[in-house]
Amino acid sequence: MKKLRFLVSLTNNDNDYQIEQASATEEAARRLSVSAQVIYAGNDAITQSTQLLQAIQANAQERPDAILFEPVGSTALPQVARAAVTAGIGWAVLNREASYVSELRLLKKAPVFTISADHVEIGRIQGRQFAAFLPKGGGLLYIQGPTENSAAKERTLGMQETKPSNIHVTLLKGQWTEESSQRSVRSWLKLTTSQKAAIDVVGAQDDSMAMGARKAFQELSETEQERWLKLPFTGCDGLPKTGQAWVRSGILAATIHVPPNTGQAIEMLVQAIQQKKPFPERALTTAVSIPSLQELKSR
């Protein structure tokens, strides 16, 4: 039987979740005896599109059997997706909805599906965490992912849905990396409004951005550092070696475990291509609060 070849396109290699996605890819490839190449888009949608088109347009011997990709930009590259499926290449969209999936599945030329965390629910969990930290209300400094990213928007939507109305949000933006969050917080601290802001919790949409915020506060004077670093910092992704470890050490007060999904996607593709098993149009993973919401409330 032919050894299947997969191409996995991730947004960057400077984010703990993306690094875990790459690790999950390698583990699944070994376990399922397939070949999997991981490439990174450097947080650039044009780079990602170009990389994928090059793979799709390669000669038949070099083309992957399927592409798994986590979109950088505001769309899930519909034209690239159609080119892939038309060429008989499977297409799995990670952590993003893609309206074109139903249409491409009708072509029946290759397996097509999305697999994602429920980002609205992740946001809801964050909102409940903030409520546990601030039972009487207060101020939240919230670091969101890229504006054009649907996962970031959905997490914000879910958070706004469950946070109490007496928690007031100051919203900053990052690029899913520690450095981008550090720059964003650093810029905000230069504003006069930041000096007057009453902030009681610092929350970020991923753990690396929460750590970037901490680093920005560590650049301040000793007195100012003490003011900011005593606040609870929360993140998201909750991977064992990063977010969960930071919660255990007290660097983060809470996180949300979002399991990587490249391994599950590869398994679905192998079953669809080799075993002709039916597969859903949309698969979801389950996120959980760390510590549990009940434990946070009891504190």
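Cα centroid separation, the range 246-299 to the range 24-96: 21 Å. Packing, as the average of other Cβ atoms within 10 Å across residues, places the peptides 68-80, 28-40 in the order 68-80, 28-40, highest first. Helix 262-274 and the longest principal axis of the Cα set of the chain meet at an angle near 20°. In summary, the lysines within cross-link reach of Lys173, defined as a Cα separation below 29 angstrom excluding same-chain residues under 8 places away, comprise Lys136, Lys153, Lys163, Lys190, Lys196, Lys215, Lys230, Lys241, Lys297. Of Gln144, Phe133, Met1, which is farthest towards the positive pole of the chain's charge dipole, taken about the Cα centre with +1 and -1 on the beta-carbons of Lys, Arg and Asp, Glu respectively? Checked the options; the winner is Met1.
Rolling a 1.4 Å probe over the heavy atoms of the protein chains gives the chain an accessible area of 45 Å² per residue. Between the amide H of Thr170 and those of Leu140, Leu141, Tyr142, distances stay under 5 Å, these residues lying 5 or more places away or on another chain, with hydrogens modeled in the peptide plane.
Computed over the chain, the per-residue total of -39500 (n - 2.57) for DSSP H runs of n ≥ 4 gives a 222 nm mean residue ellipticity of -13500 deg cm²/dmol, rounded to 500. In a reduced charge model with +1 at each Lys and Arg Cβ and -1 at each Asp and Glu Cβ, the chain shows a dipole moment near 480 debye about its Cα centre.
Judged by the ratio a/c of the largest to the smallest principal axis of the C-alpha gyration tensor, the chain counts as prolate, that ratio being 1.5 or greater while a/b is larger than b/c.
Within the same chain, lysines fewer than 8 places from Lys277 are excluded, and of the rest, those with a Cα less than 22 Å from its Cα are Lys2, Lys3, Lys108, Lys109. Highest average first, the peptides 124-130, 53-59 ordered by how many other beta carbon atoms sit within 10 Å of their residues are 124-130, 53-59.
Computed from Cα positions, the angle between helix 178-189 and the longest principal axis of the chain comes to roughly 30 degrees. Annotation: amide H of Leu284 within the under-5 Å range of Ser116, sequence separation 5 or more or interchain, hydrogens built in the peptide plane.
Taking the chain as the reference, fit the longest principal axis to its C-alpha atoms, fit the long axis of helix 16-32 to the helix C-alpha atoms, and give the angle between the two in degrees, 0 to 90, nearest 10. The angle comes out at about 30 degrees. Diffusion coefficient of the range 246-287 by Stokes-Einstein, Kirkwood radius over Cα pairs, 20 °C, 1.002 mPa s: 168 µm²/s.
Along the axis of the charge dipole computed for the range 178-299 (Cβ charges of +1 for Lys and Arg, -1 for Asp and Glu, origin at the Cα centre), the listed residues Ser187, Gly203, Leu284 are led at the positive end by Leu284. The shape of the range 19-98 comes out oblate: with a ≥ b ≥ c from the C-alpha gyration tensor, a/c is at least 1.5 while a/b does not beat b/c.
The charge dipole of the range 153-215, taken about its Cα centre with unit charges on the Cβ atoms of Lys, Arg (+1), Asp and Glu (-1) only, comes to about 320 debye. Counting only DSSP beta bridges with both residues in the chain, the antiparallel share comes to about 10 percent.
Working ranking of peptides 150-158, 203-211 by packing, defined as the average number of other Cβ atoms within 10 Å per residue, highest first, is 203-211, 150-158. Overall, the range 142-299 carries a charge dipole of about 120 debye about its Cα centre when +1 sits on the Cβ of Lys and Arg and -1 on the Cβ of Asp and Glu, all other atoms neutral. Solvent-accessible area assigned to carbon and sulfur over the range 11-147 amounts to 48 percent, based on a 1.4 Å probe.
The values are calculated or read from the model by the stated rules, or taken from the named source; none is laboratory data. Quick caveat: nothing in here was measured; it's all calculated off a predicted structure. FYI the Cβ positions are ideal-geometry reconstructions off the backbone, even for glycines, and counts take in every protein chain you see. Only protein heavy atoms, including side chains, enter the accessible area calculation; ligands, DNA and RNA are left aside. Shrake-Rupley method; radii C 1.70, N 1.55, O 1.52, S 1.80 Å.
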